[in-house]
Amino acid sequence: MPRIEDLTEIQRQTVLNFPCFEYEDAPFVRLGKPFRQIRLALVTTAGVHLRGDKTFTAGDQSYRLIPSNASARDIIQSHNSIGFDRTAVYRDLNVSFPMDRLKELVERGIIGSTTASYYSFMGAQTNPKRILEETGPEAARLLLDEGADAAILTPT
């Protein structure tokens, strides 16, 4: 990962002046059942999607639905940013999108099940207004419709 000193002046100013959101509180909901009974969802900002789906582009605030039974070899990452090296994700998708690890947790009886669908967003957003107001709540409603009790959010 580049150091701030290695960035161009424009990149450095962008990082230094990035508008960070501040909130008065953080929502927390205690699980109402043991882990072995929950249905867990996976949501990522890694910009992954099924081969053949529309690729993510800079500033894209839509999401891609990924069936939880999809194979890792059918999932690619179109997220690009100067801020990270994608080599690890190319070697093992589970670095950013731990779908195989969730399957293992179900098989071992640690969690009850996963949702039928997972959701992927594009990270590195400078103004995620549409995600906050539209696509994020829409994905959340769809996950609730699938019976999700909790979700794991993984970054890029």
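When Lys and Arg each count +1 and Asp and Glu each count -1, what net charge do the other residues less than 11 Å away from R12, Cβ to Cβ, add up to?
Net local charge, R12 excluded: -2.
Per DSSP H run of at least 4 residues, take -39500 (n - 2.57); add these up for the chain, divide by its residues and hand me the 222 nm value, nearest 500 deg cm²/dmol.
Estimated from H runs of four or more residues: -5500 deg cm²/dmol.
For the stretch 33-154, what is the largest minus smallest coordinate of the Cα atoms on each principal axis, given in angstrom and ordered from greatest to least?
If we take the Cα atoms of the stretch 33-154, the spans are 39, 34, 24 Å.
Which of R86, R73, R12 moves most in a GNM of the chain, Cα contacts under 10 Å?
Residue with maximal mean-square fluctuation among R86, R73, R12: R12.
Which percent, to the nearest 5, of DSSP beta bridges fully inside the stretch 33-154 are antiparallel?
The answer is about 50 percent antiparallel.
Take E107, E133 and sort them by solvent-accessible surface of the protein heavy atoms, 1.4 Å probe, largest at the top.
Order by accessible area, largest first: E107, E133.
If Lys and Arg each add +1 and Asp and Glu each add -1, what is the summed charge of the other residues whose beta carbon sits under 9 Å from the beta carbon of T114?
With Lys, Arg at +1 and Asp, Glu at -1, the net is +2.
On average, how much accessible surface per residue is there in the stretch 96-138, in Å², for a 1.4 Å probe, leaving out ligands, DNA and RNA?
Accessible surface, normalised per residue, equals 49 Å².
Which value, in Å² rounded to 10, gives the accessible area of L16 with a 1.4 Å probe and all protein chains present?
Per-residue accessible area (L16): approximately 110 Å².
Name the residue from A151, Y23, T45 whose Cα lies farthest towards the positive end of the charge dipole of the chain, charges +1 on Cβ of Lys and Arg and -1 on Cβ of Asp and Glu.
A151
At a 1.4 Å probe, what is the % contribution of carbon and sulfur to the accessible area of the chain?
54
Considering only I75, T87, L105, whose Cα is most displaced toward the positive end of the charge dipole of the stretch 33-154, charges sitting on Cβ of Lys, Arg (+1) and Asp, Glu (-1)?
L105
Around A41, under 10 Å between beta carbons, what's the net of Lys plus Arg minus Asp minus Glu among the other residues?
Net of charged neighbours comes to -1.
In whole percent, what relative contact order does the stretch 62-146 give with Cα contacts below 8 Å and a gap of six or more residues?
Relative contact order, the stretch 62-146: 46 percent.
Dipole size in debye (nearest 20) for the stretch 33-154 around its Cα centre, Lys and Arg Cβ +1, Asp and Glu Cβ -1?
Charge dipole, the stretch 33-154, about its Cα centre: 180 debye, nearest 20.
Whole angstrom only: what separates the Cα centroid of the stretch 75-145 from the Cα centroid of the stretch 29-59?
Using only Cα atoms to place each centre, the spacing works out to 4 Å.
Which residues in the stretch 2-20 have a backbone N closer than 15 Å to a point placed 7 Å from the Cα of D85 along the Cα-to-Cβ line?
In the stretch 2-20, the label zone of D85 (backbone N under 15 Å from the point 7 Å along Cα→Cβ) covers 2-3.
Let a ≥ b ≥ c be the square roots of the eigenvalues of the Cα gyration tensor of the stretch 83-156; is it rounded (a/c under 1.5), or, if not, prolate (a/b larger than b/c) or oblate?
oblate
Would you kindly state how much longer the chain becomes between A116 and D25 on full extension, computed as 0.36 nm times their sequence separation minus their alpha carbon distance, in nm to one decimal?
29.7 nm
Any idea of T8's accessible area? Nearest 10 Å², probe 1.4 Å.
For T8, solvent-accessible area is about 80 Å².
The values are calculated or read from the model by the stated rules, or taken from the named source; none is laboratory data. Values in this document were obtained by computation on a predicted structure and should not be read as measured data. All Cβ positions, glycine included, derive from the backbone under ideal geometry; neighbour counts span all protein chains shown. Heads up: the accessible areas ignore ligands, DNA and RNA and are worked out on the full protein's heavy atoms, side chains in. Shrake-Rupley method; radii C 1.70, N 1.55, O 1.52, S 1.80 Å.
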